[in-house]
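The values are calculated or read from the model by the stated rules, or taken from the named source; none is laboratory data. Quick caveat, the model's predicted, so the values are computed rather than measured. Cβ placement follows ideal geometry from the backbone for every residue including glycine, while neighbour counts extend to all protein chains displayed. Heavy atoms of the whole protein, side chains included, go into the accessibility calculation; ligands, DNA and RNA do not. Shrake-Rupley method; radii C 1.70, N 1.55, O 1.52, S 1.80 Å.
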Amino acid sequence: MPSESGAPQAVRSASHHLLQALVDHGVEVLFCNLGTDHAPLIEEMARWRTEGRPLPRVVLCPHENVAVHMAGGYAAATGRGQAVLVHVDAGTANAAMALHNLFRARIPVLLMAGRAPATTFSGVAGGRDTYVHFVQEPFDQGSVVRPYVKWEYTLPWPSSAGEVISRAHSVMHSDPPGPVYLMLPREVLAAPCPPEELADFPPARHAPVRAGQADPGQIRHVAQKLVDSADPLLVTAYAGRNPAAPALVEQLALLTGMRVCEFNTVHLNIRRDSPCFGGYLPGPFAEQADFGLMLDVDVPWVPKTTRVNPRAWWAQMDIDALKREMPMWGFATDLRLEGDSVLMLAQLIEAVQALATPAFHERVAARLQRLAEEHAQRTQRVAQAAAEPGTVGAINPHHLCAALGRAMAPHDILINEGIRNTLAVFDQIPRTEPGTLIGLPGGGLGFSGGTALGMKLARPERQVVHVVGDGTFYFNNPSALYAVASEYRLPVFTVILDNSGWSAVKESVLRMYPRGKAHETDEFASRLPGGMDFAAVAEAAGAHGERLSDPGQADGAIARCMQAVREGRSAVLHARVSPL
């Protein structure tokens, strides 16, 4: 294929065309944990730099968990999926837990892993030249992450690089979005691509497939049921992944006098100061509601502890209504609509407005008055929970989180991995702006640190705060986390609620065996080593560290940490809270 000038094209390697395809498809950052399998890519990136060619920014991460979650945080903040490079099967294994979280969060990320060279005796460029090339070739490398990706593939031929990246980019951004996985054999990366084998794959002609509106007749049916209801309830978790959704959720709630609850919150879905916000425990309300709407939610409540009103009529509106990747999902609904929640909410609001009568508006006004009274009572209960500061060495988590909430600006970003203290974090640090709240979407602990770095990279003007327990702090790979924060000037604020162990483990045992032997002997295998100084981990990387045992010193400690972050240093507040 000749160049635009008519001169013959230079023969480039597959690595060149893979990098060019990433650039063409808008990949801005490569989050990398590199190995011997990436030698052709590293050489090609060095050549590009000497030629002044634009490359995605390369962020080196000492652990794959940090790299993948950084890519996830960046994508969550921008809507643009990025790429991650990891090392063969070993790096894939280290990345798997993070990929699980991104898969459940429906966040687009392209995970690329090298494959150990396959050639040994032929002298092919890129063939085996060290011991690990023999031991890092499993029978099925893709199986490590297959449950957590929408698509997987191996680059089969050098000149296929552009087509393969185009396909990966389209799949990961198509609704519902999610991670994809691409394996890169070293010999293929090093191989030349004859120009006559190349073809163009422009992004505009290989675009993702986006979800759309719902059938207008079905929307009118939902609207009629909603207008006729006396006690409507909306339950959501991740509608707010689109920043336009929270305003529409509140508009619908105010229009209909509908209570809005979140369960296992992933994003902010409605302002916390809205009179329609009913908190994070929808179960009791589901037992009395006569109309319900599940909106972008995977688990609306726990059936074992919730007796849903059997006479209620329930609709589901979801980007992933079928829950394709969950082997079992049995929440009963009377009408299921799959599509873009923002578009469907706008349809539903229009349909309700067309059906509304003066009598309907009167009923709604009365409901809104009751909801406002409930909201005021709930706000008072939240304040009361924070009133008692606790004691030295056993700070009340609600008290500490309330102090943190007072110190944060409305546009600051909160990432909640408090686990046992999740509700304390949510209740005491109320957010009001879209995109300022992230909760744990999956079951893999250690997500918040890398996510915080990725969001800081995407939103450098904002303060990013992540709250963890002592158990989850270990899973965040803190030495890698603060090394990356320091190297790339991404200051984040970590708050550790140290209750001396895995309280969630203890509570799980007590739920199943409330009077069992573990209860009798107080042996729950959940206490973690005492005497740890987590602030010192951060200080080793040049971050600011604070140790907090006295609740009376909370405001000062938080202020010093926030000031350090504003000055460009990460900060860690290690707080001793009520033990498990």
Between helix 503-512 and the chain, what is the angle of the helix's C-alpha long axis to the longest principal axis, kept within 0 to 90° and rounded to the nearest 10?
60 degrees
Karplus ³J(HN,Hα) for region 149-160 (6.51 cos²θ - 1.76 cosθ + 1.60, θ = phi - 60°; Hz, whole; x = Gly/Pro) runs 9, 7, 7, 9, 6, 10, 4, x, 7, x, 6, 8
Treating only the Cα positions of the chain as identical point scatterers, give the base-10 log of I(q)/I(0) from the Debye formula at each q in 0.06, 0.09, 0.12 Å⁻¹.
-0.34, -0.76, -1.21
Given the rule -39500 (n - 2.57) for each run of at least 4 DSSP H residues, summed and divided by the residues of the chain, what is its mean residue ellipticity at 222 nm, to the nearest 500 deg cm²/dmol?
-12000 deg cm²/dmol
Among 81-87, 396-402, 368-374, 37-43, what's the highest-first ranking by average C-beta atoms within 10 angstrom per residue?
81-87, 396-402, 37-43, 368-374
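I need to check one value: relative contact order of region 472-530, counting alpha carbon pairs closer than 8 Å and at least 6 residues apart, in percent.
Details: 27 pairs, mean separation 18.8, N = 59.
Rounded, it is 32 percent for region 472-530.
Report the FRET efficiency, 1/(1 + (r/R0)^6), for residue 411 and residue 134, where r is their Cβ-Cβ distance and R0 is 56 Å, rounded to 0.05. Numbers along the way, then the final one.
Working: r = 52 Å, r/R0 = 0.93.
Between residue 411 and residue 134 the formula returns 0.60.
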Quick one: angle between helix 14-24 and the longest Cα principal axis of the chain, in degrees between 0 and 90, rounded to 10, please.
40 degrees
Where the centroid of each part is defined by its Cα atoms, how far is region 391-423 from region 305-384 in Å?
29 Å
In order through region 418-432: 3J(HN,Hα) via Karplus (6.51 cos²θ - 1.76 cosθ + 1.60), integer Hz, x for Gly, Pro
x, 6, 4, 9, 4, 5, 4, 5, 4, 5, 8, 10, x, 9, 10
With a cut-off of 8 Å between alpha carbons and a minimum separation of six or more residues, what is the relative contact order of region 1-153 in percent?
21 percent
Using the Karplus equation 6.51 cos²θ - 1.76 cosθ + 1.60 (θ = phi - 60°), what ³J(HN,Hα) coupling, rounded to whole Hz, does each residue of region 179-193 give in order, writing x for Gly and Pro?
x, 10, 9, 10, 9, 10, x, 5, 4, 5, 4, 7, 6, x, 10
Simple SL model, points at 7 angstrom along Cα→Cβ for residue 10 and residue 479; separation in nm is 4.1 nm
Calculate how steeply helix 216-228 sits against the longest principal axis of the alpha-carbon atoms of the chain, using the helix alpha-carbon long axis, and give the answer as 0 to 90 degrees to the nearest 10.
30 degrees
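I want to check a number: in the chain, how many lysine pairs have alpha carbons closer than 28 Å, given a sequence separation of 8 or more or different chains? Could you put the intermediate results ahead of the total?
Working: 150/323; 150/456; 225/304; 225/323; 304/323; 304/506; 304/517; 506/517.
Close lysine pairs under the 28 Å cut-off: 8.
So how do 131, 482, 488 rank on accessible area, 1.4 Å probe, biggest first, that is with the largest at the start? Please report the intermediate quantities before stating the final value.
Values: 131 160, 482 5, 488 40 Å².
Heavy-atom accessible area, descending, gives 131, 488, 482.
Relative contact order, percent, of the chain when contacts are C-alpha pairs under 8 Å separated by at least 6 residues?
On the way: 1249 pairs, mean separation 76.9, N = 580.
Result for the chain is 13 percent.
Show 201, 534 ordered by accessible area, largest first, where the area counts protein heavy atoms only and the probe is 1.4 Å. Before the final figure, lay out each step's value.
Details: 201 55, 534 10 Å².
Largest accessible area first, the list is 201, 534.
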Going through region 509-580, which GluC sites (Glu not before Pro) have at most 10 other Cβ atoms within 10 Å and a DSSP loop state?
567
Pseudo-spin-label distance residue 355 to residue 550, built 7 Å along Cα→Cβ, given in nm, is 6.1 nm
Which log10 I(q)/I(0) values does region 141-180 give at q = 0.14, 0.15 Å⁻¹ under the Debye formula, counting every alpha carbon as one identical point scatterer?
-0.33, -0.37
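Taking all protein chains together and a probe of 1.4 Å, list 459, 210 from the most accessible to the least accessible. Walk me through the numbers before you get to the answer.
Details: 459 70, 210 145 Å².
From most exposed to least exposed: 210, 459.
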